[in-house]
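A.B. asks: To start, I am sharing the structure in question, which I have written as structure tokens.
What follows draws every value from the coordinates through simple rules; no lab data is involved. What you are looking at is a predicted structure, and each value in this text was computed from that prediction instead of being measured. Using ideal geometry, Cβ is built from the backbone for each residue, glycine included, and neighbour counts are taken over all protein chains shown.
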Protein chains: 2
Amino acid sequence: MIKKIVLRDDEMPTQWYNVVPDLPNGLQPPLDPETKEPMGPDKLAAVFPMGLLEQEMSDQRFIDIPEEVLEVLKIWRPSPLVRAHNLEKALNTKAKIFFKNEGVSPVGSHKPNSAVAQAFYNKKEGVKRLATETGAGQWGSALSLATSKFGLECKVYMVRVSFDQKPYRKSIMQTFGADVIPSPSTDTNTGRAILEKMPDTPGSLGIAISEALEDAATRDDTKYALGSVLNHVILHQSIIGLEAKKQMELAGEFPDVIVGCCGGGSNFAGLAVPYVPDYLEGKKIRFVGMEPASCPSLTGGKLAYDFGDVAQTTPLLYMYTLGHDFIPPGIHAGGLRYHGMAPIVSAMVRENIVDPVKVHQLECFEAGVLFAKTEGIIPAPETCHAIRGAIIEATKDLNDPKTILFNFSGHGLIDMGSFDRYYAGELKDYDYPEEEIAKSMANLPKI
Amino acid sequence: MIKKIVLRDDEMPTQWYNVVPDLPNGLQPPLDPETKEPMGPDKLAAVFPMGLLEQEMSDQRFIDIPEEVLEVLKIWRPSPLVRAHNLEKALNTKAKIFFKNEGVSPVGSHKPNSAVAQAFYNKKEGVKRLATETGAGQWGSALSLATSKFGLECKVYMVRVSFDQKPYRKSIMQTFGADVIPSPSTDTNTGRAILEKMPDTPGSLGIAISEALEDAATRDDTKYALGSVLNHVILHQSIIGLEAKKQMELAGEFPDVIVGCCGGGSNFAGLAVPYVPDYLEGKKIRFVGMEPASCPSLTGGKLAYDFGDVAQTTPLLYMYTLGHDFIPPGIHAGGLRYHGMAPIVSAMVRENIVDPVKVHQLECFEAGVLFAKTEGIIPAPETCHAIRGAIIEATKDLNDPKTILFNFSGHGLIDMGSFDRYYAGELKDYDYPEEEIAKSMANLPKI
């Protein structure tokens, strides 16, 4: 019986796919917050290398992956495509469930796919040091790994609630040589100002981004790296879907439904975007983006220009947002605690290509434990949202079984503290935080 | 450039290799501790199913892997063979270093290779529940995974020092539905007796084995499972070396040196034994077994009949041993803290097929961090011993570069607490514990 489809090193895609030129009605450009005019690469060059800015703005559908990047990706890529026979059986469904196992990377998630590329382009342009933020710790681990491969220094601002809950993540980053600090920190003006007002804040990705950006903007040797949201990140993550397409073909299958969890949007989009041309050519594919009910940018937010960070230092991005100063509850899927959504994913929702679905954390942990017991692999709390989505899709009409492909974005071996709290009954579901969102939405920039 | 060699599901070996009939001068049989006579399968049937006992005593060179076992192994097997180009470069050596990455299993180590087979044969014979011990937590995680796949209950006696230092391991076992308790525990007579004498003992594998054996012997629905040492475990682990041989052939290479870390001996032997027939046919292969200086059964022990456990409940095994009541220092490679060594590995040392080498823990952590920074994968503390061995072999004569194959037995993502203590300078090297060993050696059973 087919369990998993693997590809050899030399079957790995050698080009990334850029969905932007294929998006109906394209993307709205990022705006300069001062002038409200479209922002060109020059102004962004203070924090990003040109190699990445060119990709950010590119209208090429395919972009070559540099040999040096391929060599590092080969440590774990191509990743396996796996058929979840036992989960299907447990659900008593005739639906076929496939998952792309991004948990096989050395830090356990899909994040290094972009981290390696970002470290490479920075190194190539003489940058010595990268500053970044991390939520659950997966992006920080990934960038630490990537910078160690290319000989760069790395400073990670880690959202405080994760810093406290996930000490192993911190140690992983330190093993790769990174300097890790809880955010808000006393190392930046932004951090100090927030700590003064809210000394007990659990922090948020928005705050940590502001700190990392300030770090990069105030040091000549340092640039900034973002783990999701931006176009070039989704470009790098497209390797997930490009591999999956090859593997699904080898399995003789085509997905009716594609599912992923959405924080900033990169793992979902990475799997989904290579199937967009098929969709546009008339193939029936349902793209489902799973998000937490407590931080529902797609189902509870608004499509608008907004800052990517709390301190209002980023360009204005046209995206679904809950408002840049929204601080989500401390749910355990730290990687999904972001107020905004990638402009590419936002455009796919606007064009009705993607259906967003919100779920609560307890049902996701329950799905994750069922997956562990049936398929033998423990998912990260973020990934539990995708599994919950796949289960919903596989069981909603037993008379019309679908072929479902979801992104297993990462394993949970370093997140067992969250599972402990789930088993102990200490976790609760958070309702849609209506009042807080109304407040933060009132602070959207006026365009 | 070749980075890694992968095999498809249908290229996985379908038979295990049993080295016993190929061992020069064979193995000494296990003895009944009461009669000092060779022990047949009947008496062992109280704690092991016949399917495994037949394998334990088998003189067949190849044994079919049941379809049900193959199906579960396919979750992660075949595992990749990887060329450590970057480590080679960092060492400035022309030696070629390959490693078999057993860290890709769902619990991060080679242990499930045997756990899955053991759970299967127990299930087949109607057993409802398995009892076992675990040192670092890797075997316990593996058996928990395996029992969840075959619908068995699982009770894990976890060496207390690991229980305290590795809370994530405990949560992993719980996720797979196992009942985990620190050993010595108050659940068994053995545990209670030891706790009375030594309430602060860190525990040891020997104690935990006694507790699990007592549990299995006193409950009709329960049998016992051991994660290393025994012949049938090494049989199951031979899949590592069988795959590696195919993969090395695909890479156009043959190993001059084969390296593994030795606790009970199963991961080292799993990689090594399929190459024994080549060795016996005259191929020059150096087999190197790395062990901790603080628990040096091969380099500091004696080849003798001894118990596998502290409470003297196991059959007498003919093996290198430090004495069954030796309690090793609490070094962080918990999986290497065992007083004995697999009879198969012991025989290979006696016949001068295997060279044992002892190393201290700090040099191993140093090797592990270098490996993480160059190859991008963080090794388990046990695996750091194998890496140290590979580095020694790759650098000892730069004018005579060898092709080295080592077993990357597991990743360290769930052992980061040990790395933290290493970074903080809290770990120290332990010298050969001469006095304690002299004491425990005096208690070897008289044959």
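A.B. asks: Sort by residue number and name the cysteines in chain B that have no neighbouring cysteine Cβ under 4.7 Å.
C.D. replies: Within chain B, the cysteines lacking a partner Cβ under 4.7 Å are B:C154, B:C261, B:C262, B:C295.
A.B. asks: How big is chain B along each principal axis, measuring the range of its Cα positions in Å and listing the largest first?
C.D. replies: 57, 48, 44
A.B. asks: State to the nearest 20 debye the size of the charge dipole of the protein assembly as shown about its Cα centre, where the only charges are +1 on K and R beta carbons and -1 on D and E beta carbons.
C.D. replies: That gives the protein assembly as shown a dipole magnitude of about 560 debye.
A.B. asks: Another question, then. Shortest first and in nm to one decimal, what separations exist between A:P167 and its copies in the other chains, measuring from label points 7 Å along the Cα-to-beta-carbon line?
C.D. replies: Counterpart label points of A:P167 in the remaining copies fall at 0.8 nm.
A.B. asks: How many Å³ per residue does the convex hull of the Cα positions in region A:346-389 occupy?
C.D. replies: Residue-normalised Cα hull volume stands at 74 Å³.
A.B. asks: OK, next. What is the pair-distance distribution P(r) of region A:162-209, computed from all Cα-Cα distances in 5 Å bins starting at 0, with each bin given as a whole percent?
C.D. replies: Percent of pairs per bin, in order: 5, 21, 27, 22, 16, 7, 1.
A.B. asks: How big is region A:324-398 along each principal axis, measuring the range of its Cα positions in Å and listing the largest first?
C.D. replies: 38, 31, 17
A.B. asks: Further question on the same structure: For region A:73-143, what size does the Cα cloud have along each of its three principal axes, sorted from largest down, in whole Å?
C.D. replies: Projected onto its principal axes, the Cα set of region A:73-143 covers 55, 25, 16 Å.
A.B. asks: Copy-to-copy spacing for B:D397, label 7 Å out on the Cα-to-C-beta vector, in nm, shortest first?
C.D. replies: Listed shortest first, these distances are 7.2 nm.
A.B. asks: A further question on this structure: Where the only charges are on Cβ atoms (+1 Lys, Arg; -1 Asp, Glu), what is the dipole of region A:72-199 about its Cα centre, to the nearest 20 debye?
C.D. replies: Here region A:72-199 has a charge dipole of around 500 debye.
A.B. asks: Straight-line reach from B:K155: which lysines fall under 18 Å, measuring Cα to Cα and dropping same-chain residues less than 8 apart?
C.D. replies: Hits, sequence-local ones excluded: A:K373, B:K111, B:K123, B:K128, B:K166, B:K170, B:K223.
A.B. asks: Now for a separate question. Ordered shortest first, which distances in nm separate the 7 Å Cα→C-beta label point of B:E366 from those of the other copies?
C.D. replies: 5.3
A.B. asks: Only bridges whose two residues both fall in chain B count here: according to DSSP, what percent of them are antiparallel, nearest 5?
C.D. replies: Counting DSSP beta bridges with both partners in chain B, the antiparallel share is about 35 percent.
A.B. asks: Which residue, B:Q312, B:A131, B:L87, has the largest displacement toward the positive end of the dipole of chain B when charges sit on each Cβ (Lys, Arg +1; Asp, Glu -1)?
C.D. replies: Farthest along the dipole direction, towards plus: B:L87.
A.B. asks: Show me, bin by bin at 5 Å from 0, the whole-percent P(r) of region B:183-277 based on Cα pairs.
C.D. replies: Histogramming region B:183-277 at 5 Å steps yields 3, 12, 17, 15, 12, 11, 9, 8, 6, 5, 2, 0 percent.
A.B. asks: So what are the protein assembly as shown's ellipsoid semi-axes, whole angstrom, largest first, if each one is the square root of 5 times an eigenvalue of the alpha-carbon gyration tensor?
C.D. replies: 48, 27, 26
A.B. asks: How large is the helix-only mean residue ellipticity at 222 nm for chain B, computed as the sum of -39500 (n - 2.57) over DSSP H runs with n ≥ 4, divided by its residue count, in deg cm²/dmol to the nearest 500?
C.D. replies: On the way: 19 runs with 179 residues, N = 447.
Helix-only estimate at 222 nm: -11500 deg cm²/dmol.
A.B. asks: Another one. How many percent of Cα pairs in region B:226-314 exceed 22 Å?
C.D. replies: 35
A.B. asks: Here is a follow-up. Using the Kirkwood formula on the Cα atoms of region B:37-164, what hydrodynamic radius do you get, in angstrom to one decimal?
C.D. replies: It is 16.9 Å.
A.B. asks: Can I get the semi-axes of region A:10-110's equivalent ellipsoid? Compute them from the C-alpha gyration tensor as square roots of 5 times the eigenvalues, in angstrom, largest first.
C.D. replies: Working from the Cα gyration tensor, I get semi-axes of 36, 20, 14 Å.
A.B. asks: Which whole number gives the average count of other chain Cβ atoms within 10 Å of the Cβ atoms across peptide B:161-171?
C.D. replies: Partner Cβ neighbours, averaged per residue: 3.
A.B. asks: Right, here's the next one. When the Kirkwood hydrodynamic radius is evaluated over all pairs of different C-alpha atoms of region A:126-248, what value in angstrom, to one decimal, is obtained?
C.D. replies: Taking the inverse mean of 1/r over all distinct Cα pairs, region A:126-248 comes out at 14.9 Å.
A.B. asks: Explain nothing, just the number: dipole magnitude of chain A about its Cα centre with +1 on each Lys and Arg Cβ and -1 on each Asp and Glu Cβ, in debye rounded to the nearest 20.
C.D. replies: About 920 debye.
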